[in-house]
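Below is one structure, written out as structure tokens, with a few remarks after it.
The values are calculated or read from the model by the stated rules, or taken from the named source; none is laboratory data. Note that the structure is a prediction, hence the values are computed from the model and not measured. Virtual Cβ from ideal backbone geometry, glycine too; neighbours counted across all protein chains shown.
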Amino acid sequence: MGSLSIWHWLIVLLVVVMIFGTKKLRNMGSDLGGAVKGFKDGMKDGAAPETPAGPNAQVTGNTTADKSTIDVEARQKS
């Protein structure tokens, strides 16, 4: 009762394919793969030694910006 046989997994797979369809499963798989790849790339970039960057220029002449947004500046903890 503790382990599932191959037949149980095939039935579960068949039900999942019937519910979601093959196209949606393919899209979800590619999205998941892209997310994992992006996460790995982000972890590689985070492990690199940081170089101090100059201050970012503030954009003040943008009249098309949404008035409900708040402009903030992130600072590193000391």
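Some points to look at:
- Single match in 36, 16, 72 (criterion: at pLDDT 65 or above, within 26 Å of the chain's Cα centre (by Cα) and surrounded by fewer than 10 Cβ atoms within 10 Å (Cβ to Cβ)): 72
- Contacts under 8 angstrom Cβ, first residue in the stretch 27-40 being closer than 22 Å to residue 17 by Cβ, partner part of a helix (DSSP H, G or I) and modelled with pLDDT under 90, 6 or more apart: 28/20
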